[in-house]
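Derivation of every value follows stated rules applied to the coordinates shown; laboratory data play no part. The model shown is predicted, which means the values in this text are computed figures rather than measured ones. Ideal geometry is used to build each Cβ from the backbone, glycine not excepted, and the neighbour counts take in all protein chains shown.
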Amino acid sequence: MNLRTVVAPSRLPSRISWRKHRAWLVSAAILVALALFDTPQAAESAIFAGRSLLATAPFLVLSVTIVAWAAATGAENLIARMFNGAPAIMIGLGALAGGLSPFCSCGVIPLIAALLTMGVPLPAVMAFWLSSPIMDPSMFVLTAGVLGLEFAVAKTLAAVGLGVFGGTVVHVLMKGGALVDPLRDVRGGGCGGAWIRAPKPVVWRFWAEPDRRTTFGRTALSTTLFLAMWLTLAFLLESLMLAWIPAETVTATLGGEGLLPIATATLVGVPAYLNGYAALPLVGGLVDQGMAPGAGMAFLVAGGVTSIPAAMAVWALVRPKVFTAYISLSLVGALASGVLFQLWSALT
């Protein structure tokens, strides 16, 4: 990937205008409407969003700090070059790291924003992005306990495999000239080419220079507001989905045998939000009642990678073509995971 295609970290926050903060108004409107028509749910949604933001805060703070530090020191060019090695190695490492990281589909957004704004190539980021929400060490243990060790191992392989598949597809597309300049809110002028062509010297002790201290503060504040705005709206919608769409109703539609239940589970899993930990006993119960194991796998993979709340955060972060690729790869990967696991289950 040519370094001309990366995005300057300092440019993302500078493009965020008050017009872009309309998501705050939507969140406020939701809470006001709930307060008027369903007061208890208004309180529950506000508390849920607050607790979710607090749970995400450590990752958000870490990611924002990294972005601001890279912009203030001038180290973003060095970081981008570190990830500009052999695509196959970078994609494989991204997928493997994602499969071992403790991020959910919404919680991974701040880290993805940090990686993209620092110019990390999109194929490696996409590999991490797709694999990260599906599996982590604690999820592996719980999955093994509820659905069996075979299912846990298969889900781990599905996570890493989806990451490698997605990263490879994105790499091929980018070689053909597609999906360059993935982030929104970037000024024109060569996709950040000027930033790469004339990088500032690296100054590790950035706090010693007033201009760099200012860059750090402005970058941290703007990036925090941008991410918090969309995550707040995402968590509010998540609370409403959990309250008004019972998980049992979603998973009860996935029974049966053959390819149709797997395809249905994939389509239902992508838009429906169901916490990965909460989904395990429900899917386990349905599998015990005769639901196809492949359908259970497809639902868990699709629901883990993306959901309506997470998709909104992704939409706010990247350009439409990258968003479309993200959703499409999720669908194809979840369907393939379900079909392969169903075939394996039939053979064993």
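Which order, highest average first, do 225-232, 292-299 follow once you tally other Cβ atoms within 10 Å for each residue and take the mean per peptide? If you can, show how the numbers build up before the last one.
Working: 225-232: 21.1, 292-299: 28.9.
Put in order of decreasing packing, that is 292-299, 225-232.
Quick one: order M135, M90, M174, M126 by neighbouring beta-carbon count within 10 Å, fewest to most.
Ascending Cβ contact count within 10 Å gives the list M174, M90, M135, M126.
For each of L340, L36, count neighbouring Cβ atoms within 10 Å of the residue's Cβ, then give the residues from fewest to most. Can you show the working numbers first?
Numbers: L340 17, L36 9.
Starting with the residue having the fewest Cβ neighbours, the order is L36, L340.
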By count of other Cβ within 10 Å, fewest leading, how are K175, K155, K321 ordered? K175, K321, K155
